[in-house]
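A.B. asks: Structure below; questions to follow.
The values are calculated or read from the model by the stated rules, or taken from the named source; none is laboratory data. Computed from a predicted structure; not experimentally measured. Note that we place each Cβ from the backbone using ideal geometry, even for glycine, and neighbour counts take in every protein chain shown. Only protein heavy atoms, including side chains, enter the accessible area calculation; ligands, DNA and RNA are left aside. Shrake-Rupley method; radii C 1.70, N 1.55, O 1.52, S 1.80 Å.
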Amino acid sequence: MNDSKENKYPDLLALVKARRSVRAFEPTKVERAKLEYILEVARLAPSAVNFQPWSFVVVREPERLKALYECYPREWFASAPVCIVVCGDHAASWKRSADNKDFCDVDVAIATEHLALAAAEQGLGSCWVCNFDAPRCKEVLNLPDSWEPIVLLPMGYPADNADKGRKRKSINDVVKWESF
């Protein structure tokens, strides 16, 4: 019997707690089946009005990874065996009518977190990178005019020395009930 009050997915909190920003990777290749699973999870992410204004560019070739490294020249970034570049199409995203706010970045952020959580579930580490040379990245990936690279998500098996600590604000610091 399926009680509607029963928690069908009891491990989400554990998964969210396990996901962390990884900045040191093993040189091991990431299996294509794992990448396909992770990408399927991201494909199913919600978006404003279901417009899905995203595309995921999977970069695994050493020469292309080296070109991405030029967009974000950090040693730890160069250690990732794969990088998923999450791109958004502002021409295809939903705009709120009241103020014309473009929800492309919001939609891409949701899909990116789906990628990061699915990677953690598969035993992989990742780290959101948003401070990179976007025009150069757009060139490297041959993106069409309306497309923008929004997030670099380096991914791989975490190295043993990967930082495991992170500080979080308390629940009382971030939750307000009924009004601010």
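A.B. asks: Report which label in [x] 24, 20, 14; [y] 27, 24, 17; [z] 34, 19, 14 holds the value of semi-axes √(5λ) of the Cα gyration tensor in Å derived from the coordinates of this structure.
C.D. replies: [y]
A.B. asks: If you place +1 on the Cβ of every Lys and Arg and -1 on the Cβ of every Asp and Glu, how big does the dipole about the Cα centre of the stretch 1-136 come out, in debye to the nearest 20? Write out the running numbers ahead of the final one.
C.D. replies: Values: 18 positive and 19 negative charges, 33 e Å.
The calculation lands at about 160 debye.
A.B. asks: Still on this structure, I have one more. Among the GluC sites (Glu not before Pro) in the stretch 110-180, which ones are in a DSSP loop with at most 12 other Cβ atoms within 10 Å of the Cβ? Mind listing them? Let's see the in-between values first.
C.D. replies: Values: sites: 113, 121, 139, 178; in loops: 178.
Answer in residue order: 178.
A.B. asks: Over 30 Å between Cα atoms, which of 34/66; 95/167; 34/95; 29/101; 95/176; 17/176 qualify? Write down the numbers at each step before the final one.
C.D. replies: Details: 34/66 23 Å; 95/167 35 Å; 34/95 34 Å; 29/101 40 Å; 95/176 28 Å; 17/176 22 Å.
The pairs that break the limit, which is 30 Å between Cα atoms, are 95/167; 34/95; 29/101.
A.B. asks: Here is a follow-up. Is the shape of the stretch 115-177 best called rounded, prolate or oblate, per the rule: a/c under 1.5 gives rounded, else a/b larger than b/c gives prolate, else oblate, with a ≥ b ≥ c the square roots of the Cα gyration tensor eigenvalues?
C.D. replies: In terms of gyration-tensor shape, oblate.
A.B. asks: If I ignore ligands, DNA and RNA and count only protein heavy atoms, how much of residue 23 is accessible to a 1.4 Å probe, in Å² to the nearest 10?
C.D. replies: Around 130 Å² of this residue is reachable by solvent.
A.B. asks: Place a label point 7 angstrom from the Cα of residue 33 along the Cα-to-Cβ direction, then list the residues of the stretch 98-129 whose backbone nitrogen is under 15 Å away.
C.D. replies: Backbone N within reach: 122-123.
A.B. asks: Sticking with this one: With a ≥ b ≥ c taken as the square roots of the eigenvalues of the C-alpha gyration tensor of the stretch 27-75, please select rounded if a/c is under 1.5 and otherwise prolate if a/b is larger than b/c or oblate if it is not?
C.D. replies: Details: a/c = 3.22, a/b = 1.60, b/c = 2.01.
It comes out oblate by the Cα gyration axes.
A.B. asks: Given 0.36 nm per residue, what is the gain on full extension from residue 12 to residue 160 after removing their alpha carbon distance, in nm?
C.D. replies: Using 0.36 nm per residue and subtracting the Cα-Cα distance, I get 50.9 nm.
A.B. asks: Here is a further query. If amide hydrogens are placed 1.01 Å from N in the peptide plane, which non-local residues have theirs closer than 5 Å to the one on residue 90?
C.D. replies: 148
A.B. asks: Net charge around residue 28, counting only other residues with Cβ within less than 15 Å of its Cβ (Lys, Arg = +1; Asp, Glu = -1)? Intermediate results must be reported in sequence, preceding the final value.
C.D. replies: On the way: positive: 29, 32, 34, 60; negative: 26, 31, 160.
Every neighbour counted, the sum reads +1.
A.B. asks: Count the DSSP beta bridges whose two residues both fall in the chain, then state the antiparallel fraction as a percent rounded to the nearest 5.
C.D. replies: Numbers: 19 of 20 bridges.
Around 95 percent of the beta bridges assigned by DSSP in the chain are antiparallel ones.
A.B. asks: Expressed in whole Å with the largest first, what are the equivalent ellipsoid semi-axes of the stretch 74-180 derived from the C-alpha gyration tensor as the square root of 5 times each eigenvalue?
C.D. replies: Numbers: eigenvalues 138, 124, 26 Å².
In descending order the semi-axes read 26, 25, 11 Å.
A.B. asks: Continuing with the same structure: Ignoring ligands, DNA and RNA, how do 177, 147, 54 rank by accessible area with a 1.4 Å probe, largest first? Let's see the in-between values first.
C.D. replies: Values: 177 200, 147 50, 54 25 Å².
Largest accessible area first, the list is 177, 147, 54.
A.B. asks: Grab the beta carbon distance between residue 179 and residue 70, set R0 = 41 Å, and tell me the FRET efficiency rounded to 0.05. Could the numbers behind the result be given before it?
C.D. replies: Numbers: r = 48 Å, r/R0 = 1.17.
FRET efficiency, residue 179 to residue 70: 0.30.
A.B. asks: Given a 1.4 angstrom probe, what's the average accessible area per residue across the stretch 1-135, in square angstrom? Walk me through the numbers on the way to the answer.
C.D. replies: Values: 7870 Å² over 135 residues.
Per-residue accessible area for the stretch 1-135 comes out at 58 Å².
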